[in-house]
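Just below is one structure, and these are the notes that go with it.
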Amino acid sequence: MWPQVPVQRCAVHKHRNLLTHAPKRLREEIGVDYADMIYARTVKEVKQRRKAFIRKWRLRCRAVADSLEEGATAFHLPALPSEQWRSLRKTNAVERLHEEVQA
């Protein structure tokens, strides 16, 4: 109905999803890289770190990179005001709202 409205996924759920695609020995490193990306301070840093994450993990564990890219349409923090980033990163309410709108 409103295709131009950004859909932001819960960062915690996306993180868990990424870990399901990785062997246990890589999960800690993926977590560090993911946190580095989603807690960047500027739009430019978020975009750079996302690109670096995908480049690195495409070589080390392709399923992880593919999973992050699959969620690319739901990674809109850089497009939103930085004052909102903290509240939008970790909330089930965000995903619940999108379920209601999409229904």
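The values are calculated or read from the model by the stated rules, or taken from the named source; none is laboratory data. As the structure is a computational prediction, the values presented were derived from the model and not from experiment. The accessibility values were calculated without ligands, DNA or RNA, using every heavy atom of the protein model including side chains. Shrake-Rupley method; radii C 1.70, N 1.55, O 1.52, S 1.80 Å.
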### Query
How much accessible area does residue 15 have with a 1.4 Å probe, in Å² rounded to the nearest 10?
50
### Query
How large is ³J(HN,Hα) for each residue in segment 51-63, as worked out from phi by the Karplus curve 6.51 cos²θ - 1.76 cosθ + 1.60 (θ = phi - 60°), to whole Hz, x for Gly and Pro?
4, 5, 4, 5, 4, 5, 7, 5, 7, 8, 7, 3, 4
### Message
If DNA, RNA and ligands are ignored and the probe is 1.4 Å, what is the ranking of 20, 42 by accessible area, most exposed first?
### Response
20, 42
